[in-house]
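Undergrad: Can you keep this structure in mind? I'll have questions shortly.
The values are calculated or read from the model by the stated rules, or taken from the named source; none is laboratory data. A quick note: this is a predicted structure, and the numbers were derived from the prediction, not measured. Here the Cβ positions follow ideal geometry from the backbone for every residue, glycine too, while neighbour counts run over all protein chains shown.
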């Protein structure tokens, strides 16, 4: 098949021949210092890179070039996102699943994992626990099972979540990570008020994909790979893509990931809202030793940096799969969203499980509670943000990208982040965290360019201190 980023056929916009040619190109030219430095220099204009240019940078091992890549990633991150880090938590609704994914403990042949599905009352209890931590944004997770987890269950759960108010708590944005589905079902998710639809490809190598998914509906490579096109056709213009690095060689999936982003831009007019970069890790009935393509930290950091350079306006997510140290190393290189205080088991926010009753999808490496994560971010000079304003103001898809590309994000996202941080400090923070946060708010508010916006934000922050909530630009 011929490579065509505008095609709606999976094997044409994720073209194996083009990926293999790109790998060969990168290996052939990786020591061409002039070419590499020219690409890095041109990337400074924040217009991105092609998958072929990005692959060359990833393959390159010239020390000064690698350093220049990381320095540029830091500059682009600071320019487009400032010091903001958006916080969220996953909420696992059910681990019933009919697929046979060999890397996931939810696979149908795993007979010793505890199968669970939350009732609406249990969801309410989980959400209250998350609200009491300070969370405003959730990512719903559920296995694929049309009997136990039909779309109606997901829609009912979303309605339940949005309805809950506990003290000053409220979930203002529900992102959804469920199996590939139909245009009509995506339309129903959009009507339910979801934020971003998230679906990881796992691997873009079709042969490897089919071996990793030997049975179940997820085994259909094309249907899965074309899901984002259907989601956008259903009206969801914020979509999140990602691979599980370590299932296939990192270079193949890195190129496929960027080709997918290029395809969405070419075919739908707007690229992915977010890109996630999880690495395979141990879980029940799964062992990291089963995979020979594990990505070392040094390469992982390059991957994050180059994705930031290649798709500068796309958010990047890292979860609690990664350790505190790993997350700290990549935050400055391009990450804009992280999870905090996460539980990957069904009902895990209310009940800590015994090992023999494990329902978790994977082991959490960064096990710190949200309060510690917030304090950690503040201590490094970041702005922990619980903002959901853009979604609720209709700034999604190309409208959000226009905001970022125009440079107005400093007059919009910066004050919104500071106001949500102020809410967190007033409602949930310990005295030490509150002192750190107040200093960050004072310092960062001065950096809002527009005087009128800055003055209004200061007024709103004062009103938050007096008890009012949920201001936004």
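Yes/no matrix, rows are residues, columns are (1) under 21 Å from the mean Cα position of the chain (by Cα); (2) within 22 Å of residue 312 (Cα to Cα); (3) not in a helix (DSSP H, G or I):
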position	(1), (2), (3)
68	no, yes, no
77	yes, yes, no
85	yes, yes, yes
89	yes, no, yes
103	yes, no, yes
111	no, no, yes
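Undergrad: Same structure, new question: Quick one: residue 99 ticks every box in (1) in contact (Cβ under 8 Å) with a residue 40 or more places away in the chain; (2) outside the structural domain of residue 174 (by TED's automatic domain parsing) bar one, so which box is it?
TA: In the conditions (1) in contact (Cβ under 8 Å) with a residue 40 or more places away in the chain; (2) outside the structural domain of residue 174 (by TED's automatic domain parsing), residue 99 misses (2) alone.
Undergrad: Still on this structure, please answer the following. Within the group 156, 126, which residue is surrounded by fewer than 20 Cβ atoms within 10 Å (Cβ to Cβ) and more than 25 Å from residue 265 (Cα to Cα)?
TA: Values: 126 fails: surrounded by fewer than 20 Cβ atoms within 10 Å (Cβ to Cβ).
One residue alone meets the criteria, 156.
Undergrad: Please identify the pairs in which a residue from the range 1-15 that is part of a helix (DSSP H, G or I) has its Cβ atom under 8 Å from the Cβ atom of a residue that is exposed (fewer than 15 other Cβ atoms within 10 Å of the Cβ) and at pLDDT below 95, counting only partners at least 6 apart or on another chain.
TA: Close Cβ pairs (under 8 Å, with a partner that is exposed (fewer than 15 other Cβ atoms within 10 Å of the Cβ) and at pLDDT below 95) amount to 11/1; 12/1; 12/2.
Undergrad: Quick check: is even one residue across the range 288-309 buried (at least 24 other Cβ atoms within 10 Å of the Cβ), in the same structural domain as residue 334 (by TED's automatic domain parsing), modelled with pLDDT of 95 or more and more than 24 Å from residue 325 (Cα to Cα)?
TA: Within the range 288-309, not a single residue is buried (at least 24 other Cβ atoms within 10 Å of the Cβ), in the same structural domain as residue 334 (by TED's automatic domain parsing), modelled with pLDDT of 95 or more and more than 24 Å from residue 325 (Cα to Cα).
Undergrad: Consider residue 175 carefully, then state whether it is in contact with a strand residue (DSSP E or B) (Cβ under 7 Å, 6 or more places away or on another chain), at pLDDT 95 or above and either within 20 Å of residue 233 (Cβ to Cβ) or surrounded by fewer than 17 Cβ atoms within 10 Å (Cβ to Cβ) (or both).
TA: Taking the combined requirement at face value, the residue satisfies it.
Undergrad: Just the residues that are over 16 Å from residue 305 (Cα atoms) and assigned to a loop (DSSP other than H, G, I, E, B), please, taken from the range 29-52.
TA: Step one: of the range 29-52, the residues over 16 Å from residue 305 (Cα atoms) are 29-35, 38.
Within the range 29-52, 30, 31, 32 meet the criteria.
Undergrad: Report yes if some residue within the range 134-141 is surrounded by fewer than 22 Cβ atoms within 10 Å (Cβ to Cβ) and part of a loop (DSSP other than H, G, I, E, B); otherwise report no.
TA: Checking the range 134-141: not a single residue is surrounded by fewer than 22 Cβ atoms within 10 Å (Cβ to Cβ) and part of a loop (DSSP other than H, G, I, E, B).
Undergrad: Can you give me the number of residues within the range 243-270 that are within 14 Å of the chain's Cα centre (by Cα) and farther than 20 Å from residue 56 by Cα?
TA: 1
Undergrad: Now, a different point. Among the residues of the range 181-198, what is the count of those that are crowded, with 21+ Cβ neighbours inside 10 Å and over 17 Å from residue 394 (Cα atoms)?
TA: Adding up the residues that qualify gives 3.
Undergrad: Now for a different question. Pick from the range 200-220 the residues that are under 22 Å from the mean Cα position of the chain (by Cα), in contact (Cβ under 8 Å) with a residue 40 or more places away in the chain and not in a loop (DSSP other than H, G, I, E, B): which of them is nearest to residue 308 (Cα to Cα)?
TA: Pass one, the range 200-220, residues under 22 Å from the mean Cα position of the chain (by Cα): 200-205, 209, 218.
Narrowing further to those that are in contact (Cβ under 8 Å) with a residue 40 or more places away in the chain: 200-205, 218.
Then drop every residue that is not not in a loop (DSSP other than H, G, I, E, B), which leaves 202, 218.
Details: 202: 20, 218: 29 Å.
Ranking the qualifying residues of the range 200-220, first place goes to 202.
Undergrad: Just to be sure before I move on: is residue 97 closer than 22 Å to residue 146 by Cβ and surrounded by 17 or more Cβ atoms within 10 Å (Cβ to Cβ) in the structure I sent? Explain how you work it out, then say what you get.
TA: Details: closer than 22 Å to residue 146 by Cβ: yes; surrounded by 17 or more Cβ atoms within 10 Å (Cβ to Cβ): yes.
Yes; evaluated as a whole, the condition is true for this residue.
Undergrad: Can you spot a residue in the range 152-170 that is over 30 Å from residue 428 (Cβ atoms), in contact (Cβ under 8 Å) with a residue 12 or more places away in the chain, assigned to a loop (DSSP other than H, G, I, E, B) and in the same structural domain as residue 235 (by TED's automatic domain parsing)?
TA: no
Undergrad: Still on this structure, I have one more. Residue check: is residue 102 surrounded by fewer than 19 Cβ atoms within 10 Å (Cβ to Cβ), modelled with pLDDT under 95 and more than 22 Å from residue 196 (Cα to Cα)?
TA: So residue 102 fits the description; yes.
Undergrad: Further question on the same structure: Here are some conditions: (1) farther than 26 Å from residue 387 by Cβ; (2) modelled with pLDDT of 95 or more. Residue 112 meets all but one. Which one does it not meet?
TA: Of everything listed in (1) farther than 26 Å from residue 387 by Cβ; (2) modelled with pLDDT of 95 or more, residue 112 misses just condition (2).
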